[in-house]
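Structure first, commentary second.
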Amino acid sequence: VKTVVFQESTKFKNVWTTHSASPIAYERGRIYMDNYQCCITSIAQQPRLIYQKSKCAKSEKIEDALLLECPLGEMLPSPSDYKASLIVLTVQNWLLRLSADSGEVLEKVYLAGSCCKFFRYLSWDTPQEVMIVKSAQNKLPAAARQAGIQQTVLFYLAVFQVLPLSFIGMLEINKKIFGNSVTDVAVSNGILIVMYSMGLVRLYNFKAILEQFMEQPFDLGQEFNWNGQVGIVGKYPFGLPCNIKITDTPPLLFEASSLENAFQIGGYPWHYIITPNKKKHKGVFHICSLKDNALAKNGIQDMKCCSLEPDWIYFHPDMSGRIIHVGPNLIKVLKLKEVKNHADQMEIAEDFTIVANRENCVNNSVTVTASGRVVKKRFTLLDDDPEQETFKIVDYEDELDLLSTVAVTQIGADGRAHLDFHCNEHGILLKSIPLKESWDV
């Protein structure tokens with residue numbers, strides 16, 4: 001495929017255009033429109049409609065969705081499990097598994113039980129294995145707040161094993177356990193991440209929490225008589241029992257303070273990236289060892305760019321342990337390596353950089369006219385000034401091992417963009433494809 005893509009004779013052209021008033025989602029060759037009611041394949045030579053469902057009522061509106069794909073080499077209970085399916089979460093707290101090829105409902109689970117929970121978010125704990133359904137932040141009605149009633153439960157998390165879909169448990173995130181200043185929670189790779197208003201991030205062992213505080217396991221479709229409730233698990237109107245009760249603060253794995261709770265873990269050996277928790281440090285990133293919090297040599301990364309859009313940084317998704325730092329006109333791929341003669345200390349070194357094409361851009365604050373008059377500019381151009389080429393997207397394609405970038409320049413009223421493919425190992429430009437369509441900056 002790589003050879004075909006990079007052949008001189010291979011040209012890319014626009015074969016289809018569509019417009020939508022609502023957001024367009026894309027998952028593995030399928031384009032979803034009209035809140036997942038319409039599905040179009042993008043793999044065919046001409047995109048074609050796979051299915052179009054009739055307009056749904058507001059109560060059936062989809063809040064979030066995840067694509068499920070069959071794990072290789074496993075026996076599954078139903079033939080439909082071997083085909084891709086879409087897990088969707090509706091505004092009325094239904095979790096539906098839809099066929100990705102027809103939109104037909106394969107499974108239905110009702111989430112909300114006796115207490116009022118509004119589930120809004122789907123995410124992976126372990127991709128294609130364990131899924132988390134998170135509620136919106138629990139808020140008391142104004143009348144209850146005025147009456148002095150305290151709200152202690154902030155979020156509910158329902159945990160599912162997928163393919164076959166099975167219920168692991170539901171738990172609440174309570175102020176009494178985790179503290180009054182909790183603003184958000186997330187679960188990733190077996191870690192419960194709790195975020196606080198002052199920029200603090202705390203990590204807990206999520207798997208250990210499930211095992212330690214599980215009161216009673218339940219299966220979907222099972223009849224239960226528990227805590228005064230009688231019903232069927234996952235059926236209306238009972239929903240799911242809150243069967244994981246955290247009664248004590250779990251052991252803390254790690255904590256860090258970072259501006260806007262921005263915190264990432266990756267690299268080899270394990271490192272984390274934070275921004276010091278002061279507004280003046282926005283755009284400055286510290287790369288530290290997870291083992292002892294030691295700042296890596298050259299571990300402070302600061303592009304010192306003056307731009308409307310901030311630069312961004314993340315661990316490379318190719319599992320190489322490298323780091324990608326993207327600014328308006330510069331993409332740095334960084335690597336961790338041992339400091340010479342200090343095996344226990346790591347340093348950050350540049351692997352390669354990709355630079356925007358700005359040779360013709362001269363940003364002089366003082367210019368001299370033909371008559372010799374000196375003209376001083378009152379302001380300097382921003383690094384992401386629309387008239388200069390600026391990086392907007394950086395993406396990694398794992399099967400072809402390509403790093404792709406989109407760079408945009410504003411020309412007149414429209415933006416002109418080009419898509420570039422770079423060698424992921426060395427950053428060499430392999431092909432540039434100009435986009436004929438204007439880019440709405």
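Evaluating Ser99 against the criteria (1) open to solvent by less than 50 Å² (accessible area, probe 1.4 Å); (2) among the polar types (S, T, N, Q); (3) out of contact with any strand residue (DSSP E or B) (no Cβ under 9 Å at 6 or more places or on another chain) leaves one unmet condition, (3). The set of residues in segment 388-412 being exposed (fewer than 12 other Cβ atoms within 10 Å of the Cβ) and either part of a strand (DSSP E or B) or modelled with pLDDT of 75 or more (or both) consists of Asp395, Asp398, Glu399. Annotation: Phe12 fulfils all but one of (1) over 24 Å from the mean Cα position of the chain (by Cα); (2) without any contact (Cβ under 8 Å) to a residue 60 or more places away in the chain; (3) open to solvent by 90 Å² or more (accessible area, probe 1.4 Å); the unmet one is (2).
For every residue, the table says whether it meets (1) of a type in the set (S, T, N, Q); (2) outside any loop (DSSP other than H, G, I, E, B); (3) crowded, with 16+ Cβ neighbours inside 10 Å.
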site: Gln301; (1), (2), (3): yes, yes, yes
site: Pro310; (1), (2), (3): no, no, no
site: Tyr314; (1), (2), (3): no, yes, no
site: Asp318; (1), (2), (3): no, no, no
site: Lys332; (1), (2), (3): no, yes, yes
site: Leu336; (1), (2), (3): no, yes, yes
site: Gln345; (1), (2), (3): yes, yes, no
site: Asp351; (1), (2), (3): no, yes, yes
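Conditions tested, residue by residue: (1) open to solvent by 10 Å² or more (accessible area, probe 1.4 Å); (2) among the basic types (Lys, Arg).
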position	(1), (2)
Phe167	yes, no
Lys175	yes, yes
Gly190	yes, no
Met195	yes, no
Phe206	no, no
Ile232	yes, no
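The condition (being charged (D, E, K, R) and within 29 Å of Gln151 (Cα to Cα)) is satisfied by just one residue among Lys58, Lys13, Lys53: Lys58.
For segment 77-85, the condition of being small (Gly, Ala, Ser) and within 25 Å of Arg120 (Cα to Cα) holds for at least one residue. Set side by side, the residues Thr90, Thr3 differ, and just one is hydroxyl-bearing (Ser, Thr, Tyr) and touching a strand residue (DSSP E or B) at 6+ places or on another chain (Cβ under 9 Å), which is Thr90.
Would you confirm, using the coordinates I've provided, whether Lys2 is touching an Asp or Glu at 6+ places or on another chain (Cβ under 9 Å) and within 18 Å of Glu129 (Cα to Cα)? No: the conditions fail for Lys2.
For segment 213-288, give me every one of the strands (runs of 3 or more DSSP E) that falls completely inside it and has 1 or more residues that are among the hydroxyl-bearing types (Ser, Thr, Tyr).
Values: elements: 223-226, 229-232, 252-257, 263-266, 271-274.
Strands (runs of 3 or more DSSP E) meeting the threshold: 252-257, 271-274.
Is it fair to say Leu210 is open to solvent by 10 Å² or more (accessible area, probe 1.4 Å), in a strand (DSSP E or B) and either over 29 Å from His281 (Cβ atoms) or without any contact (Cβ under 8 Å) to a residue 24 or more places away in the chain (or both)? No: the conditions fail for Leu210. Residue count for segment 15-54 satisfying the condition of being open to solvent by 60 Å² or more (accessible area, probe 1.4 Å) and either touching a helix residue (DSSP H, G or I) at 6+ places or on another chain (Cβ under 9 Å) or aromatic (Phe, Trp, Tyr) (or both): 2. Residues being closer than 17 Å to Leu403 by Cβ and touching a Leu at 6+ places or on another chain (Cβ under 7 Å) are represented in segment 323-337 by at least one member.
With respect to (1) loosely packed, with under 15 Cβ neighbours inside 10 Å; (2) free of Cβ contacts under 8 Å to residues at least 24 places away in the same chain; (3) farther than 25 Å from Phe167 by Cα, the lone exception for Tyr82 is condition (3). Specify the residue that is most open to solvent (accessible area, probe 1.4 Å); the eligible residues are those in segment 131-165 that are in a loop (DSSP other than H, G, I, E, B) and within 30 Å of Gly73 (Cβ to Cβ). Only one residue fits best here, namely Pro164. Tally the residues that are over 24 Å from the mean Cα position of the chain (by Cα) and either modelled with pLDDT under 90 or outside any strand (DSSP E or B) (or both), restricting the search to segment 93-112. Number of matching residues: 5.
Please verify whether Gln128 is assigned to a loop (DSSP other than H, G, I, E, B), under 27 Å from Thr275 (Cβ atoms) and under 23 Å from the mean Cα position of the chain (by Cα), treating the condition exactly as stated.
When the stated conditions are applied, Gln128 does not pass them.
Does Cys115 satisfy the condition of being touching a helix residue (DSSP H, G or I) at 6+ places or on another chain (Cβ under 6 Å), modelled with pLDDT under 90 and either open to solvent by 80 Å² or more (accessible area, probe 1.4 Å) or of a type in the set (A, V, I, L, M, F, W, C) (or both)? Outline the logic, then answer.
Details: touching a helix residue (DSSP H, G or I) at 6+ places or on another chain (Cβ under 6 Å): no; modelled with pLDDT under 90: yes; either open to solvent by 80 Å² or more (accessible area, probe 1.4 Å) or of a type in the set (A, V, I, L, M, F, W, C) (or both): yes.
No: the conditions fail for Cys115.
The values are calculated or read from the model by the stated rules, or taken from the named source; none is laboratory data. Keep in mind that this is a model prediction, so the values were computed, not measured. Neighbour counts run over all protein chains shown; Cβ positions are idealised from the backbone, glycine included. Only protein heavy atoms, including side chains, enter the accessible area calculation; ligands, DNA and RNA are left aside. Shrake-Rupley method; radii C 1.70, N 1.55, O 1.52, S 1.80 Å.
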